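Below is one structure, written out as structure tokens; comments come after it.
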Amino acid sequence: MKCSIRGAILGLAVAVAGWAGAVPAQTIVVGGKAFTEQQIMTAMTVELLKARGFSPDRKAGMGSAAVRAALENGQVDVYWEYTGTGLGVFNKINDKFSSAEDAYRKIKEVDAAKGIVWLNMSAVNNTYGFAMNRDDAQKRGIVTMSDLAKAIKGGAKLTFASNAEFYARPDGLPGWQTAYGFEFDRDNVKRMDTGLTYSALKERQVDVAVVFATDGRIPAFNFVVLKDDKNYAAPYNMTPVVRKEVLDKNPKLADALNALSAKLNNDNMSRLNASVDVDKKTVEDAASGFLKEQGLI
């Protein structure tokens, strides 16, 4: 009997020692913006980190400025940002770069001084574009942005759907109009929420709309994106960004996020976006399905 008691006590002591020595999973706060692509990436990052032994805390649906501020002040540890936004919006660098890689190297360098690490850039270039209904573009003979400019300068009264940010930011509509030498009549620019630009174009309430290059509604709605024949658009390659302090404590975080970044491109990101916006999957189902398909979980 005494042996049984001693055994039980010894077993309890070992268990307590094990509990005392256990290291809790590191909590990583994962931020994200409000539009579909970002919602998918936030969900995907949370599930991936959970599978790699981290304890992720999801904070999705933030504005662009808000999530960047949260990263800088330590309320968010990691999120996916775009090189063009990091350069132009947060660092006021509007230089022209000869390649996406050059833009990436620049933002990586300037943000390093702020304690922000840009991990490996993905092949997803979610830049801005001008889209039309394919049949209308063909009828008007508009293939490029120069064609659009020529049509407007020739008197075509085309209406344009824009979100508020693109309408106002210097590298948005004002910059495109300057680069191509045209201007929509003020009354022909219809400002609306980002998601509504796609439905307005589909329903032919407008003739042209600003779109994100990887939006799944472009092929689903049979839109055509006009060729940026003067290469005005800055590269907007999606990249995981993380606070250096957090990365130093959790070096395996880079391995997980770089592995995911390497699997992403415009085609599969567009399909993921369409699966949510068109096929009405949840962002969690879309994210989980992709991670499994790619062998990441």
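What follows draws every value from the coordinates through simple rules; no lab data is involved. These numbers come from a predicted model, not from an experiment. Virtual Cβ from ideal backbone geometry, glycine too; neighbours counted across all protein chains shown.
Between the labelled values (1) 21.9; (2) 23.9; (3) 21.1, the entry that holds Kirkwood radius over Cα pairs in Å as derived from this structure is (3).
Taking square-rooted eigenvalues a ≥ b ≥ c of the alpha carbon gyration tensor, is the stretch 204-297 rounded, prolate or oblate, where a/c under 1.5 means rounded and, failing that, a/b exceeding b/c means prolate? Oblate, since a/c reaches 1.5 and b/c is not below a/b. Based on C-alpha pairs under 8 angstrom that are at least 6 apart in sequence, the stretch 128-225 has a relative contact order of 46 percent. Among beta bridges from DSSP that stay inside the stretch 128-225, the antiparallel ones total about 60%. When the helices of the chain are scored as -39500 (n - 2.57) per DSSP H run of n ≥ 4 and the total is divided over every residue, the value at 222 nm lands at -14500 deg cm²/dmol. The long axis of helix 252-263 is offset from the longest Cα principal axis of the chain by roughly 40 degrees. Rounded to the nearest 20, the Cβ-based charge dipole of the chain about its Cα centre (Lys and Arg +1, Asp and Glu -1) stands at 480 debye. Shown here: the stretch 101-198, whose C-alpha atoms stretch 50, 26, 24 Å along the first, second and third principal axes, sorted largest to smallest. In loop segments of the stretch 189-288 as defined by DSSP, the GluC sites (Glu not before Pro) with at most 11 further C-beta atoms inside 10 Å of their C-beta are Glu203.
Given their separation in residues at 0.36 nm each and the Cα-Cα distance between them, Glu165 and Ser99 gain 21.3 nm when the chain is fully extended.
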